[in-house]
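Undergrad: Mind having a look at this structure? Questions to follow.
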Amino acid sequence: MLDQDWPGFFRQHILESLPVDKLAFCFPEKMGRPTKELYTVLAALALQQYQDLTDQETSKQLSFDIQWHYALDLVEESDDAKYVCPNTHGEVFSLLTRPLIGDPDSNYSGTVRSSSHDRTGAE
């Protein structure tokens, strides 16, 4: 059933096309962010934008929603696999929405440090 709905489409057509390789350099190994987590965070951000969710709502969906687990190919039953701090969503969203390399006017430092974008739902 999940394979025939949006989770199957996302898993089969979108998940593997996420630009993880273009962002991996922003997450040094000393920060402990494996590639699997980058796929999870980028996929969660895509679903967050599609479903118009806050960072808190996104974190909850990622932790508990079976459709999200299927779409993101999360088969491991652990908090490490299915939980990403809401602040991480904001940090990565901030990274994706600012000018990247090649823009001489950019203050881009090359690593994620803090979030300047808050999607907590507070007005």
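The values are calculated or read from the model by the stated rules, or taken from the named source; none is laboratory data. As the structure is a prediction and not an experimental result, all values here were calculated from the model. All Cβ positions, even for glycine, are placed from backbone atoms using ideal geometry, and neighbour counts span all protein chains on display.
Undergrad: Determine if region 25-39 includes at least one residue that is at pLDDT 80 or above, part of a helix (DSSP H, G or I), surrounded by 11 or more Cβ atoms within 10 Å (Cβ to Cβ) and of a type outside the set (Val, Ile, Thr).
TA: Yes, because at least one residue in region 25-39 is at pLDDT 80 or above, part of a helix (DSSP H, G or I), surrounded by 11 or more Cβ atoms within 10 Å (Cβ to Cβ) and of a type outside the set (Val, Ile, Thr).
Undergrad: Output the number of residues of region 74-115 satisfying the condition of being closer than 19 Å to Gln48 by Cα, assigned to a loop (DSSP other than H, G, I, E, B) and at pLDDT 70 or above.
TA: Residues in region 74-115 being closer than 19 Å to Gln48 by Cα, assigned to a loop (DSSP other than H, G, I, E, B) and at pLDDT 70 or above: 4 in total.
Undergrad: Of all residues being touching a helix residue (DSSP H, G or I) at 6+ places or on another chain (Cβ under 7 Å) and surrounded by fewer than 20 Cβ atoms within 10 Å (Cβ to Cβ) in region 75-84, which is farthest from Leu15 (Cα to Cα)? Just the residue, please.
TA: Within region 75-84, the match that is farthest from Leu15 (Cα to Cα) is Tyr83.
Undergrad: Can you tell me which residue among Gln49, Gln67, Gln61 is in contact (Cβ under 8 Å) with a residue 60 or more places away in the chain, surrounded by fewer than 19 Cβ atoms within 10 Å (Cβ to Cβ) and of a type outside the set (Asp, Glu)?
TA: Of Gln49, Gln67, Gln61, the one residue that is in contact (Cβ under 8 Å) with a residue 60 or more places away in the chain, surrounded by fewer than 19 Cβ atoms within 10 Å (Cβ to Cβ) and of a type outside the set (Asp, Glu) is Gln67.
Undergrad: May I ask you to list pairs of residues, at least six apart or on different chains, whose Cβ atoms are under 7 Å apart, with the first in region 70-94 being on the phi > 0 side of the Ramachandran plot and the second being at pLDDT 75 or above and hydrophobic (A, V, I, L, M, F, W, C)?
TA: Pairs found: Asp73/Leu15.
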